[in-house]
Amino acid sequence: MSTKVAFDFIETESQYQEFQNCIEALKGQRGAQMPALQEAQRIYGYLPIDILKRLSKELEIPMEELYSTATFYAQFTFVPKGEYTISICMGTACYVKGAGDILDSYSSELKIEPGETTADRKFTLESCRCIGACGLAPVLTVNEEVYGRLSKKKADKVLVTYQKENN
């Protein structure tokens, strides 16, 4: 159903300079790996391979170590996130009340699978284990906005609202 989309890495001059300042501040420090990855994620929104290569070279950290750390911690991603990150709770209460149907509907409408981003970088679709709002099941979030007590029809209206914002 979905097609994997490869994204070109584009770096602005301000991003380059901010990241270079970060690298310079961390050079020679023990334990620089984690703060460097966190700063890269903050600046770019994800960890582009070009940035990992730069970190490896400039901080003299093997790529294998950087990759191992970045794949261990859930906070890191190698895929750019969309303007809107939609996270659908698949915890027990939400799942029992139809969250799976909502996830399938969003996946079909956006033509992406959970964990993917639309080609225009507007939407990222995720499923999560629990949002912590079981009393509002089923629940989804769009960025920091929480939507609860959803039916498939109500959930579709939420998506349409964000799609209209982009037209």
| request: Using the structure shown, decide if Ile61 is touching a helix residue (DSSP H, G or I) at 6+ places or on another chain (Cβ under 6 Å) and part of a helix (DSSP H, G or I). | output: no
Taking region 129-143 and keeping residues part of a loop (DSSP other than H, G, I, E, B) and modelled with pLDDT of 95 or more leaves Ala137, Pro138, Val139
Flagged in region 103-128 as assigned to a strand (DSSP E or B) and of a type outside the set (Asp, Glu), in numbering order, are Thr117, Phe123, Thr124, Leu125, Ser127, Cys128
Margin query: Looking at region 83-94, can you tell me whether even one residue there is open to solvent by less than 20 Å² (accessible area, probe 1.4 Å), outside any helix (DSSP H, G or I), of a type in the set (Gly, Ala, Ser) and touching a residue at least 24 places away in the same chain (Cβ under 8 Å)?
Written below: yes
Here the residues within region 140-167 that are farther than 14 Å from Thr85 by Cα and buried (at least 17 other Cβ atoms within 10 Å of the Cβ) are Gly148, Leu150, Ala155
Exactly one of Ala74, Ala70 is open to solvent by less than 20 Å² (accessible area, probe 1.4 Å) and closer than 30 Å to Ala36 by Cβ, and that one is Ala70
Residue pairs within 6 Å by beta carbon, gap of at least six or interchain, first lying in region 52-65 and over 15 Å from Glu39 (Cα atoms), second not acidic (Asp, Glu), listed first then second, are Ile61/Gln33; Met63/Ser56
Filter region 38-67 for residues that are open to solvent by less than 40 Å² (accessible area, probe 1.4 Å) and over 26 Å from Lys122 (Cβ atoms); the one that is nearest to the chain's Cα centre (by Cα) is Leu66
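The values are calculated or read from the model by the stated rules, or taken from the named source; none is laboratory data. Being a predicted model, the structure only gives us computed values, none of them experimental. Virtual Cβ from ideal backbone geometry, glycine too; neighbours counted across all protein chains shown. Note: areas computed on protein heavy atoms with side chains; ligands, DNA, RNA excluded. Shrake-Rupley method; radii C 1.70, N 1.55, O 1.52, S 1.80 Å.
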